[in-house]
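Peer 1: Before I ask anything, let me first share the structure, which is written out below as C-alpha cells.
The values are calculated or read from the model by the stated rules, or taken from the named source; none is laboratory data. Computed from a prediction, not measured in an experiment: that's the story for all the values here. Here Cβ is always computed from backbone atoms with ideal geometry, including for glycine, and neighbour counts include all displayed protein chains. Heavy atoms of the whole protein, side chains included, go into the accessibility calculation; ligands, DNA and RNA do not. Shrake-Rupley method; radii C 1.70, N 1.55, O 1.52, S 1.80 Å.
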Amino acid sequence: MARKTGYVWHEQYAWHDTGTHAGVYPAGGFVQPFQNFESPESKARFAGLVEVSGLIEHLTRVPARKVEIEDLLRVHTAGHVERIRSQSESGGGDAGDGFSPFGAGSFEIARLAAGGTLAAAEAVVDGVVDNAYALVRPPGHHAEPDQGRGYCLFANVPIAIEALRAAGKVKRVAIFDYDVHHGNGAQKIYWDDADVLHISVHQNQLFPVDSGMVDETGGGTAAGTNINIPLPAGSGDGAYWAVVENVVAPAVRAFSPELILVSSGFDASPMDPLGRMSVTSAGFKGIAERLLGLADEVCAGKIVFSHEGGYSPVHVPFCGVAVLEALTGIETGVQDPADVSFGASPTRELADWQQDVIEQSAQLARALGMIID
Ligand code: ZN
C-alpha cells in the first residue's frame with residue numbers, strides 16, 4: 001500500500017562540526033587526531049541515496065525549522081540551554097560528557113534538528129502526511145534535562161512531544177528506540193510520566209554502561225511505562241523482530257497511544273564501529289514494517305521516525321532507504337551490497353539466549369500491567 005511519507009533533511013545538519021576526536025576519544029597525548037565517528041558522512045550519504053534512488057520523488061518534503069527557546073525549556077534546564085548557546089557562540093565546546101564536541105553554530109543546528117523532528121511530527125498529527133522520517137543531526141536520545149551526552153545536545157523526540165502536548169495536539173505518546181545504545185535521555189525525562197510509554201531495545205551495557213537494565217521500569221504512578229530490552233551482543237534481525245512482536249506490540253496495544261515516535265538509529269548494523277549487533281538492512285525494514293502495522297492498529301498509522309545514531313557511512317544509507325521503502329510502500333530496486341556477507345549470516349536468526357532476555361522484559365511488563373494477554 002502506497003503511503004504519503006513526510007521527509008526532513010536540511011543541508012545544515014551536515015555542518016554540525018564534531019572536530020578531530022579519534023572515533024570516540026579526544027585527540028591528544030598518544031591519541032592521534034582523526035575524525036569523530038559521529039561525522040556528517042553516514043547521514044549525508046543516506047540523504048544522497050534518497051535522491052539517487054529516486055525515492056525523493058515519492059516523499060513529501062517537510063521543511064525543518066528551529067525550535068524556540070521555550071520549546072527547549074520544556075525539557076531542558078535553563079543552565080544547559082545557556083551553556084550550549086554560549087559555547088556555540090564562542091567557537092564551540094562539549095555537550096556535557098567530554099565525548100560530545102561541537103563547533104561554532106551548533107546551538108542553532110541542534111535547534112534545527114529538534115525542529116525537524118517537531119515539523120515531521122506535526123505533519124503526521126495534522127494529517128498532512130501518513131507517516132514521516134526526520135533525518136536530523138545532531139541526534140537526541142542521550143540528552144538529559146541538564147546535560148548533553150553521547151553526541152546529543154538536545155532531546156529531539158521529547159522536545160517534539162512536549163511541543164505537541166503544549167499545543168493540545170496529543171496527550172498519550174509511545175516512544176520506541178531501536179538505536180544500539182540505550183535511550184537514557186527519554187527514560188530520564190519521562191520516568192514519572194504515565195502518559196508516555198518509553199521502550200528501548202539496545203545492546204546490553206554498551207552506552208551508557210550503567211543504564212538500560214530490565215528492572216528500570218519508571219517511578220510512582222508511571223511504574224511500568226519504561227521498558228528496557230538489553231539484548232546480548234551479536235543479536236540480529238530475528239531478535240529485533242521478536243522484540244517488536246513480543247514486547248513492543250503488546251505493550252503499545254495496551255497503552256493505546258495517539259502517536260508513536262521512533263528513535264531510529266542504524267548502529268545495530270554489523271558494520272557499525274560502535275556496536276556489536278548484526279541487524280541487516282532487511283532487518284531494519286522488517287522492524288519498520290512491524291511498527292507500521294502496529295501504528296495502523298492503534299493510532300490510525302500515525303508514526304514518526306527521528307534519526308539517532310548509525311556510524312557506518314557505507315551501510316547506513318542502505319538501512320535508511322530500506323526503512324523509507326517500508327514507510328512509503330515503494331520498492332526502489334536498491335540492492336544492499338552488504339547482503340553478500342550478511343544476508344545469509346546465522347546471526348540473523350533468533351537465538352535462545354536472546355529470547356530469554358526478551359521474555360524477561362515481557363514478563364516484567366506483564367506483571368506491571370503493561371502487557372495484557
Ligand atoms: Zn547509538
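Peer 1: Restricting to the range 105-139, what's the tally of residues that are aromatic (Phe, Trp, Tyr) and either touching a His at 6+ places or on another chain (Cβ under 7 Å) or not in a helix (DSSP H, G or I) (or both)?
Peer 2: Matching residues across the range 105-139 total 1.
Peer 1: Now a separate question. Give the residues of the range 116-131 that are among the acidic types (Asp, Glu) and buried (at least 24 other Cβ atoms within 10 Å of the Cβ), sorted by residue number.
Peer 2: ASP130 - this is the single residue of the range 116-131 that is among the acidic types (Asp, Glu) and buried (at least 24 other Cβ atoms within 10 Å of the Cβ).
Peer 1: When the range 118-149 is examined, which residues are found to be away from the ligand (no atom under 16 Å from the Cβ) and β-branched (Val, Ile, Thr)?
Peer 2: Selection gives VAL124, VAL125, VAL128, VAL129.
Peer 1: Note down all Cβ pairs under 6 Å where the first residue falls in the range 15-41 and is under 13 Å from SER106 (Cβ atoms), the second is at pLDDT 95 or above and of a type in the set (Asp, Glu), and they're at least six residues apart or on different chains.
Peer 2: Between residues of the range 15-41 that are under 13 Å from SER106 (Cβ atoms) and residues that are at pLDDT 95 or above and of a type in the set (Asp, Glu), the close pairs are THR18/GLU38.
Peer 1: Something else: All but one of (1) part of a loop (DSSP other than H, G, I, E, B); (2) under 23 Å from GLY115 (Cα atoms) hold for VAL314; which doesn't?
Peer 2: (2)
Peer 1: Is one or more of the residues making up the range 33-53 crowded, with 16+ Cβ neighbours inside 10 Å and over 20 Å from GLU308 (Cβ atoms)?
Peer 2: Within the range 33-53, one or more residues are crowded, with 16+ Cβ neighbours inside 10 Å and over 20 Å from GLU308 (Cβ atoms).
Peer 1: Is it true that some residue in the range 102-113 is in contact with a Leu (Cβ under 7 Å, 6 or more places away or on another chain) and of a type in the set (Ser, Thr, Tyr)?
Peer 2: yes
Peer 1: Moving to a separate point now. Has the range 230-239 got any residue that is touching a residue at least 60 places away in the same chain (Cβ under 8 Å), in a strand (DSSP E or B), open to solvent by less than 10 Å² (accessible area, probe 1.4 Å) and under 30 Å from ASP130 (Cα atoms)?
Peer 2: Within the range 230-239, one or more residues are touching a residue at least 60 places away in the same chain (Cβ under 8 Å), in a strand (DSSP E or B), open to solvent by less than 10 Å² (accessible area, probe 1.4 Å) and under 30 Å from ASP130 (Cα atoms).
Peer 1: Give me a count of the residues in the range 335-346 that are within 23 Å of the chain's Cα centre (by Cα) and either of a type in the set (Ser, Thr, Tyr) or more than 12 Å from SER269 (Cα to Cα) (or both).
Peer 2: 1
Peer 1: Would you pick out the residues in the range 152-163 that are out of contact with any Asp or Glu (no Cβ under 7 Å at 6 or more places or on another chain) and open to solvent by less than 30 Å² (accessible area, probe 1.4 Å)?
Peer 2: Selection gives CYS152, LEU153, PHE154, ALA155, ASN156, VAL157, PRO158, ALA160, ILE161.
Peer 1: Do you know which residues across the range 155-199 are of a type in the set (A, V, I, L, M), more than 16 Å from the ligand (Cβ to nearest atom) and within 19 Å of the chain's Cα centre (by Cα)?
Peer 2: Across the range 155-199, the qualifying residues are ILE159, ALA160, ILE161, ALA163, LEU164, VAL173, ALA174, ILE189, VAL196, LEU197.
Peer 1: Which of the residues belonging to the range 283-317 are open to solvent by 10 Å² or more (accessible area, probe 1.4 Å), within 16 Å of the ligand (Cβ to nearest atom) and under 15 Å from the mean Cα position of the chain (by Cα)?
Peer 2: TYR311, the sole residue that qualifies.
Peer 1: So for the range 247-265 (the condition being within 14 Å of the ligand (Cβ to nearest atom) and in a loop (DSSP other than H, G, I, E, B)), does at least one residue qualify?
Peer 2: For the range 247-265, residues within 14 Å of the ligand (Cβ to nearest atom) and in a loop (DSSP other than H, G, I, E, B): present.
Peer 1: Take GLU38 and tell me if it is over 19 Å from ALA322 (Cβ atoms), of a type in the set (D, E, K, R) and under 24 Å from the mean Cα position of the chain (by Cα).
Peer 2: In short, yes.
Peer 1: Quick check on this structure: which one of ALA95, ALA113 is over 13 Å from the mean Cα position of the chain (by Cα), within 16 Å of the ligand (Cβ to nearest atom) and crowded, with 24+ Cβ neighbours inside 10 Å?
Peer 2: Testing whether each residue is over 13 Å from the mean Cα position of the chain (by Cα), within 16 Å of the ligand (Cβ to nearest atom) and crowded, with 24+ Cβ neighbours inside 10 Å leaves just ALA95.
Peer 1: If the requirement is being out of contact with any strand residue (DSSP E or B) (no Cβ under 8 Å at 6 or more places or on another chain) and over 21 Å from SER42 (Cβ atoms), which of these qualifies: GLY105, GLY150, GLY98, GLY93?
Peer 2: GLY98
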